[in-house]
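Let me begin by presenting the structure, written as structure tokens, before commenting on it.
The values are calculated or read from the model by the stated rules, or taken from the named source; none is laboratory data. Not measured: the values here are computed from a predicted model. Here the Cβ is made from the backbone with ideal geometry for all residues, glycine too, and neighbour counts use every protein chain on show.
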Amino acid sequence: MLLVGLAYAQTETTTTAAAESDTAITEPIAEEPVAETAPIEEKSSGLKGVAEFLFGRALVKEFIDGGWAMWPILFVAIYGLAYMIWKFIALMYAKINLNDFLNKILALVKEKKIKEAIEFAKNTRGPVSAVVYAGLLKAERGADAVEKNMENAAMIEMSYLEKGFVEMTSAITLAPMLGFLGTVDGMIIAFDAIAKARSVDATIVADGIKVALITTKWGLIVAIPVQLLYNIFTTMVDGIVIDMQRASEKVTEALIES
């Protein structure tokens, strides 16, 4: 009986060890997580690469997605920007310290130093000094001649001051019109896609609507700042015109009194 019990115990131990061994083999081995690598963006070359470097990839992509209408809008933007910069410089050059200028001119006129006053006005920049210079040239012919010459000079200076406004208004008008033209083109693309697919789906019309919205957006982006600066520049011109009128009156009065 003792031998039979020992044999049974040995058999049970062997069976248990084999079962544990099978369980260990069948258990899955946990895999170590693999670090994900970020996708490497390919750099564009040529003109597109330069544009992406200067303005960013997202902006360049939006420009391309906008279609052909973005090119004339870009041209109008450059055109309007050039005239805005030129007009700003021209108006800054035209501004002078009116009080200092008039004090010097009136002092010379009262001292009957007309030649010195003419020379001082000639060497001073801006339309105000040009009008005063024109009037002083006719000082010996009387007040009527002085006023008439100043009026003629003021008209000439006004034409110079208003230069660039036509070009700016053209940019203000053309930019949104080109944007709306792009909008029409985008809607044509969208409806053409629907006709070909014979069903209505957001993904089908997405490209056309995207073109429409992008061109409208950039047409307004170009026009709004040009309109804003146009209003500022016209106000500055009005101020210079008032200065010319004031200077003309003061110089004429001084010549009559002297």
- Task: Tell me, yes or no, whether region 227-238 has at least one residue that is part of a helix (DSSP H, G or I), touching a Gly at 6+ places or on another chain (Cβ under 7 Å), β-branched (Val, Ile, Thr) and more than 21 Å from Ala153 (Cα to Cα).
- Result: no
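Tally the residues that are surrounded by 19 or more Cβ atoms within 10 Å (Cβ to Cβ) and either aromatic (Phe, Trp, Tyr) or over 9 Å from Leu220 (Cα atoms) (or both), restricting the search to region 173-187. Outline the logic, then answer.
Within region 173-187, the subset surrounded by 19 or more Cβ atoms within 10 Å (Cβ to Cβ) is 174-176, 178-179, 182-183, 186.
In the following step, the residues that additionally are either aromatic (Phe, Trp, Tyr) or over 9 Å from Leu220 (Cα atoms) (or both) were identified as 174, 178, 182-183, 186.
Number of matching residues: 5.
From the list Val109, Val76, pick out the single residue that is at pLDDT 95 or above and surrounded by 13 or more Cβ atoms within 10 Å (Cβ to Cβ). Don't jump to the end; show me each part of the working.
Details: Val109 fails: at pLDDT 95 or above.
Only one candidate qualifies: Val76.
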- Query: Are any of the residues in region 200-216 outside any helix (DSSP H, G or I) and over 22 Å from Ala69 (Cβ atoms)?
  - Reply: yes
- Message: With the requirement that a residue be more than 23 Å from Ala94 (Cβ to Cβ) and β-branched (Val, Ile, Thr), what does region 240-258 give you?
- Response: Ile256
- Conditions (1) in contact (Cβ under 8 Å) with a residue 12 or more places away in the chain; (2) surrounded by fewer than 21 Cβ atoms within 10 Å (Cβ to Cβ); (3) within 19 Å of the chain's Cα centre (by Cα); number of the one not met by Leu228: (1)
- Working only within region 141-175, note down all residues that are more than 26 Å from Pro72 (Cα to Cα) and among the aromatic types (Phe, Trp, Tyr). Tyr160
- Message: Among the listed residues Thr216, Thr169, Thr234, identify the single one that is at pLDDT 90 or above and under 30 Å from Lys104 (Cα atoms).
- Response: Thr234
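For region 42-69, which positions are of a type outside the set (A, V, I, L, M), outside any helix (DSSP H, G or I) and modelled with pLDDT of 80 or more?
Within region 42-69, the first condition is being of a type outside the set (A, V, I, L, M), and the residues that meet it are 42-46, 48-49, 52-53, 55-57, 61-63, 65-68.
Still in the running and outside any helix (DSSP H, G or I): 42-45, 56, 66-68.
Correct list: Gly66, Gly67, Trp68.
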- Return the residue satisfying two criteria in turn: it lies in region 188-199 and is surrounded by fewer than 16 Cβ atoms within 10 Å (Cβ to Cβ) and assigned to a helix (DSSP H, G or I), and of such residues it is modelled with the highest pLDDT. Ile188
